Every structure is written in structure tokens, then in C-alpha cells.
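Asker: Structure provided below as C-alpha cells; questions to follow.
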């Protein structure tokens with residue numbers, strides 16, 4: 001439910017280093033708390049993002065929340081699937097529900113994020 005190869009933020013985003021780039025999404029915990037996602041606003045390719053600053057918004061039937069960048073860098077890819085089918089975030093937050101891919105300025109920023117075990121402790125779950 002919470003992959004071990006990801007890093008996690010206190011705001012419930014996940015980050016995965018892939019060939020020097022960072023894929024970003026929200027965690028199962030966040031997707032479950034939001035419930036039915038109805039709209040996602042994501043940045044354009046080429047947008048600069050800064051660590052722990054908003055890069056977009058996610059709207060559910062319950063609320064609107066900011067999405068926070070886990071690293072600083074430039075957006076090099078956006079998951080266009082989510083424009084037409086934002087509910088994919090609810091059903092598959094770690095695979096098809098990813099949001100953006102960032103070319104990081106400093107990949108070592110990932111070291112500041114939580115491991116799976118640290119994240120599970122923060123949200124009060126065991127083993128996930």
C-alpha cells in the first residue's frame with residue numbers, strides 16, 4: 001500500500017527517483033482522505049517548481065488542496081490522463097495516478113523526505 005522505494009512528504013506527496021528524474025504523486029493515505037477526486041490542476045511542462053511550495057491543486061467532493069513539490073526543479077512531463085480522468089488518483093495513486101515528472105536541481109533533496117517507515121509512523125499506520 002505504501003511502496004518502499006518512494007520518499008514521502010508531510011503533505012502526503014510521494015517522490016520516486018527514476019534515471020535522474022523525479023516522478024511525483026500523492027499517497028494512498030491522501031487519496032483515501034480526499035475521497036472522490038473530481039479535478040486536478042497541474043503545471044505546464046517547463047514550469048519551475050520549488051521544494052515544498054505548491055505546484056498545483058487537487059479537488060475532491062470534500063475539499064480543494066494544494067499539491068506540494070517534493071524537490072526543486074523543472075517540470076518535464078505532466079500526466080495528461082488526469083485531466084480527463086482525475087479519479088485515477090483514487091484507484092491507482094502510485095502507478096497510473098502519478099502527476100508530474102521533475103528534472104531536479106539537486107537530487108539530494110530527496111534525502112530530506114521521509115522513508116516509508118517514517119511516513120507510516122507519521123500517519124499512525126503499521127506495516128502499510
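Taken together, the values in this text are just the output of simple stated rules run on the coordinates, not laboratory data. In this text the structure is predicted, and so the values were computed from the model without any measurement. Quick reminder, even Gly has a Cβ in these numbers, built from the backbone with ideal geometry, and neighbours come from all protein chains shown.
Asker: Below 8 Å, C-alpha to C-alpha, sequence gap of six or more: please give me the relative contact order for the range 31-97 in percent.
Answerer: On the way: 123 pairs, mean separation 23.8, N = 67.
For the range 31-97, the relative contact order is 35 percent.
Asker: Now, a different point. Within the range 84-128, list the residues whose amide N lies under 12 Å from a label point set 7 Å along Cα→Cβ of residue 4.
Answerer: Counting only backbone N, you get 116-117.
Asker: Rounded to the nearest Å, what's the spacing between the alpha carbon centres of the range 82-118 and the range 1-52? Just the number, please.
Answerer: Computed from Cα coordinates, the inter-centre distance equals 3 Å.
Asker: Continuing with this model, one more query. Using Cβ contacts closer than 10 Å as the measure, can you line up 110, 67 from fewest to most?
Answerer: Working: 110 17, 67 23.
Least crowded to most crowded, the residues run 110, 67.
Asker: Quick check on the range 46-128: take the gyration tensor over C-alpha atoms, sort the square-rooted eigenvalues as a ≥ b ≥ c, and tell me if it's rounded (a/c under 1.5), prolate or oblate.
Answerer: Working: a/c = 1.71, a/b = 1.02, b/c = 1.68.
Taking the square roots of the gyration eigenvalues as a ≥ b ≥ c, the range 46-128 is oblate.
Asker: Taking only DSSP H segments of four or more residues, each worth -39500 (n - 2.57), what value at 222 nm results for the chain once the sum is divided by all its residues, to the nearest 500 deg cm²/dmol?
Answerer: On the way: 4 runs with 23 residues, N = 128.
Taken over the chain, the calculation gives -4000 deg cm²/dmol.
Asker: Right, here's the next one. Mind running the shape call on the range 43-92? Use the C-alpha gyration tensor, a ≥ b ≥ c as the square roots of the eigenvalues: rounded below 1.5 for a/c, prolate if a/b tops b/c, oblate otherwise. Could you put the intermediate results ahead of the total?
Answerer: Numbers: a/c = 2.41, a/b = 1.45, b/c = 1.67.
Since a/c reaches 1.5 but b/c is at least a/b, the shape of the range 43-92 is classed as oblate.
Asker: Can you check how the C-alpha radius of gyration of the range 3-46 compares to 2.2 N^0.38 Å, as a plain ratio?
Answerer: Working: Rg = 12.0 Å, N = 44, 2.2 N^0.38 = 9.3 Å.
Computed over Cα atoms of the range 3-46, the ratio equals 1.29.
Asker: Under 8 Å for C-alpha pairs, at least 6 residues apart: give me the relative contact order for the range 7-123, rounded to a whole percent.
Answerer: Numbers: 257 pairs, mean separation 37.3, N = 117.
Computed value for the range 7-123: 32 percent relative contact order.
Asker: Pulled fully out, how much extra length does the chain show between residue 84 and residue 117, if you take 0.36 nm times their separation in residues and subtract their Cα-Cα distance? Present the calculation step by step, with values, prior to reporting the outcome.
Answerer: On the way: separation 33, 0.36 × 33 = 11.88 nm, distance 3.35 nm.
Between residue 84 and residue 117, full extension yields 8.5 nm more.
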